1. For the pairs 73/124; 15/44; 73/156; 15/131; 131/156; 48/156, note any where the Cα-Cα span goes beyond 24 Å.
2. Taking amide H positions as placed in the peptide plane 1.01 Å from N, state which residues far from residue 131 in sequence (5 or more) or on other chains have amide H under 5 Å from it.
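What follows draws every value from the coordinates through simple rules; no lab data is involved. Keep in mind that this is a model prediction, so the values were computed, not measured.
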Amino acid sequence: MSREEFSNLVQQLGKKLYYFAFRILRNQEEAEDGVQEVFLRLWKMNEKLADYRSIEALATTMTRNYCIDLIRKNRNISLIETDSVSSGSLTEISPHESMVLRESNEIIRNIIENMPEASRVLIKFHDLEGKSYEEIAESTGQNINTLRVNISRARKHIRDEFNKYNYERRGNKKAAD
């Protein structure tokens, strides 16, 4: 792909990818950085781009994956901060917020521990240890696409169980009033 063709691609997809990233990240700077990173990766793939039927679909997928990775990275940082809160090193957060964070983390950890072993292992590898799909595929011998589906299902299970717990807790709270 020539510079001119690539420049046309950037002009054609730039805004669309930015709005897509912004919808996921809800942060202008992170969305801009994400789109820039995706275009950089596309430029590095230069000759391989001809192998794809739709460069737009590839760019959209790359943008989505970048955003998910960034959210996951921020969540891991948040978990570290939460652990710091529980050890008392952060004072900017109120005691109530600290308690809610610790309780939520404990609930999520219990949900993960009660999951089937296959799902639990994938969540621990990917979300808690931050391993890439490729690293997990090497460890487990599973196909990367299968891993993505299984991790997505495991996350949905965690989200549903956590929401169910919150719903029941709010319901019981209202019943007690």
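1. Values: 73/124 14 Å; 15/44 21 Å; 73/156 19 Å; 15/131 31 Å; 131/156 19 Å; 48/156 34 Å.
Beyond 24 Å: 15/131; 48/156.
2. 126
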